[in-house]
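First comes the structure, then the notes that go with it.
No lab work stands behind these numbers, since they all come straight from the coordinates. No experiment lies behind these values; they were computed from the predicted model shown. Methodologically, a virtual Cβ is constructed for each residue, glycine included, from the backbone with ideal geometry; neighbour enumeration extends over all protein chains shown.
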Amino acid sequence: MESVSGQGPAPATPVGQKTSGIGALFQIMSLVFAVPAIAWGAFMVWATAFPPPCGDSSAFAGLGVVECWVVDLPIGLFALAIGFFVKRGFPRLRKVCIVTGVVVVLLPIVASILLSRYHCP
């Protein structure tokens, strides 16, 4: 005797994209690089928003903004690329990578705007 509990095919497990170890590694690696880049960019935004008095090491602010571009732009683009192109990693980390990449790329832009506005003539 067979028990008929349901008519039709048995439910299959959902066949979605499985997480890849390499994809998750790249996501975590991009976030590990992005956290110090955010700290450096935030420091440079703060340093250019509140500049020292004119003539008091005012050239260091400009040098810091250039360093912010050199450090933050490649790391931000790397985090954005990982967020957009790594589809087999963790979905939440993918969104975090995209947001983090945008923030890291925007920090040098904000620092440059503040430097041009508050820099001594």
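Quick look at the values:
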| item | result |
| --- | --- |
| Distribution of pairwise C-alpha distances over the range 39-118, 5 Å bins, in % | 3, 18, 23, 17, 13, 10, 7, 5, 3, 1, 0 |
| For Ser20, distant residues with modelled amide H under 5 Å away | Gly89 |
| Point-to-point label distance, Val35-Leu77, nm (Cα→Cβ direction, 7 Å offset) | 2.5 nm |
| Protection proxy ranking of 83-96, 31-44 - average other beta-carbon atoms within 10 Å, highest first | 31-44, 83-96 |
| Label-point gap, in nm, between Arg88 and Ser20 - each point 7 angstrom along Cα→Cβ | 0.4 nm |
| FRET efficiency estimate (nearest 0.05) - Cβ-Cβ, Ile109 to Cys54, R0 25 angstrom | 0.55 |
| Residue order, fewest to most surrounding Cβ atoms within 10 angstrom, among Leu107, Leu80, Leu63 | Leu63, Leu80, Leu107 |
